[in-house]
Every structure is written in structure tokens, then in C-alpha cells.
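Each reported figure results from applying straightforward, stated rules to the coordinates on display, with no laboratory input. This is a predicted model, so every value here is computed, not measured. Cβ coordinates were reconstructed from backbone atoms using ideal geometry, including for glycine residues, and neighbour counts include every protein chain displayed.
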Amino acid sequence: MKNLFYFSFVSLICSQILQADVVAEAVKYESAGATCEGWHAYDDSVDGKRPGILIVHQWTGLTDYEKMRAKMLAELGYNVFALDIYGEGIRPKPPESGKISGSYKSDRALFRKRLNDGLKVLRDLPQTDTGKIAAIGYCFGGTGVLELARSGAEIAGIVSFHGGLGTPTPEDAKNIQCEVVVLHGAVDPFVPADEVADFHREMLAANVAYTFTAYPDAVHAFTQKMAGDDPGRGAAYNEAADKASWKAMKEFFAEKFQ
């Protein structure tokens, strides 16, 4: 029993030390006339520069969910910045979040401006290897990383998790300079089959290197536990799809940033 207690105590201390290596803090910056507040996370035990990952939030803005993902990526050795599309203090709940996210989808120029300004913050962080940058996004943020790519951003790749795929300017796919990965719920009712088909045509017409994976039985928001467990509502957590999509992202980044 004494040895077991000692082992548990040492394990706890080691766990706390490992967790303490991840430094995380809010970062304020200006974008298109607004003050935004993003979130920076990195492993302080790693020396020098390392690949940078930009996170684009879902429709309720930058929340603890994105901060959790930032920590997970930082623990993998990446320098992570979760940007803020909406602006400091704007963290809407449904149905208001639908109106605000919709306003950016209706104004793609402003959307792209906020995305690229967030990317610049990541580039300027001292821990970032500027030759090795990628972006990920969830739901609204999945749409966002696709818009970032369509804007011509010079990054290595993007990963869209259960994001919207549509765009009013599919011809902008010719600007894409990176590899595109889309991780999609096979029965997502918020991304209709016609939108999926249009996306494939868009990528093929522009000769974009892309991968599209659809997870069986997964609906919208399949990586987010706060979406609940009732797929009949159209959005629900799916553990299998969550784990598989995270694994796919890790393998993609390992290949890009070996």
C-alpha cells in the first residue's frame, strides 16, 4: 500500500509538471476596425521555433472548446493561435450566433480580412516557424479555413471539421496554394448533398490537392460534446468520428511538418 501511495503521488506530481509546460494566454490585436482577443498556447519546454497552427472557432465565437483544442495541439509540439473573428467580448449564444456568423458568410471580404489578420498574429509570434503553418476550423470555422485558403493564404494546409463547404465565389479556388482536408459528417443535414457535390466540382476544376472524408452516422458538430448526444437534432457528438478525425489531422500534419 505504501509503494502504491508513493507511485500515485509521484505520478500526480509528474502529471502536474507536464501540464505546466503548456503556456496559454489571451492576445489582443486589431482587425478591420475592431479589437479582437485570440488565444495563444505553446509548450514552454520546447526550444526554438516550431510549426504553427491557426484555429478558427465555431459559431459562438472563441470559447473554452477552442482553448481545449489549442492545448491539445500545443502538447503535440505546435505553436497555436486561436483567432477571434467576432471581436473582443462578442461570444453569442443561439439564435444570436446564427445571425452573427451569417453576417460574415454574407460579407466574405470582411470574413477573409479577419481570418488573414489572425494568421498574421500567428506568423508574428516568436515561436512560429513561418515556413510551416496550417489552419483548422470547426463548423463556422471549417467554412473559415476554406475561405482562408480561397483568399490565397500562403500556408501548408487546412483541415475543416464539419464545416460548411459553400461559397459565392467558387472560382476563387484557383487562389488556393495549400492542401485541403475536409472531415465531414456523412449524414450532416446542415451541409446538403448538393453543397458537397459543388465543393468536389470546385476543387477538381481548380486542380486543388484535397482529401474528403465522410464519417458514417456522423451529423453536424460531431467533435463537440456540447452538441449533445441526439443526432435527430442534426448536431450531436460522435465519439468514433471525433477520434478518427483528430487522428486524420495529426497524420496530415505529421506528413506536412516531418
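Once the other residues with Cβ under 12 Å from the Cβ of Asp172 are scored (Lys, Arg +1; Asp, Glu -1), what is the net sum?
Around Asp172, the charge tally is +1.
Pull out a ≥ b ≥ c, the square roots of the eigenvalues of the alpha-carbon gyration tensor of the stretch 172-231, then state rounded if a/c is under 1.5, prolate if not and a/b is larger than b/c, and oblate in the remaining case.
Judged from the Cα gyration tensor, the stretch 172-231 comes out prolate (a/c at least 1.5, a/b above b/c).
With point charges of +1 on the Cβ of Lys and Arg and -1 on the Cβ of Asp and Glu, referenced to the Cα centre of the chain, which listed residue (Ser101, Gln177, Gly52) lies farthest in the positive direction of the dipole?
Gly52
Straight distance only, please: which aspartates and glutamates reach the Cα of Lys71 with their own Cα at less than 15 Å, same-chain residues fewer than 8 apart left out?
List returned: Asp21, Glu25, Asp43, Asp44.
Can you give me the Cα centroid spacing of the stretch 35-73 and the stretch 179-241 in angstrom?
For the stretch 35-73 versus the stretch 179-241, the Cα centre distance is 23 Å.
Which net charge results when you count Lys and Arg as +1 and Asp and Glu as -1 among the other residues whose beta-carbon is under 14 Å from that of Lys67?
Within the 14 Å Cβ shell, the charges total -3.
Charges at C-beta only: +1 for Lys and Arg, -1 for Asp and Glu. How large is the resulting dipole of the chain about its Cα centre, in Debye rounded to 20?
Using only the charged Cβ atoms, the result is roughly 180 debye.
What 222 nm value per residue comes from the helices of the chain, counting each DSSP H run with n ≥ 4 as -39,500 (n - 2.57) and dividing by all residues, nearest 500 deg cm²/dmol?
It lands at -12500 deg cm²/dmol.
Aspartates and glutamates within cross-link reach of Lys49: Cα-Cα under 15 Å, excluding same-chain residues under 8 positions apart?
Within reach: Glu75, Asp124, Asp129.
Any idea what angle helix 239-256 forms with the longest principal axis of the chain, computed on alpha-carbon atoms, 0 to 90 degrees, nearest 10?
90
Summing Lys, Arg as +1 and Asp, Glu as -1, what charge do residues with Cβ under 12 Å from the Cβ of Gly131 carry, Gly131 excluded?
Local charge sum for Gly131: +3.
Return one number: the angle in degrees, 0 to 90 and rounded to the nearest 10, between the long axis of the Cα atoms of helix 108-124 and the longest principal axis of the Cα atoms of the chain.
Taking the Cα atoms of the chain, the angle to 108-124 is about 30 degrees.
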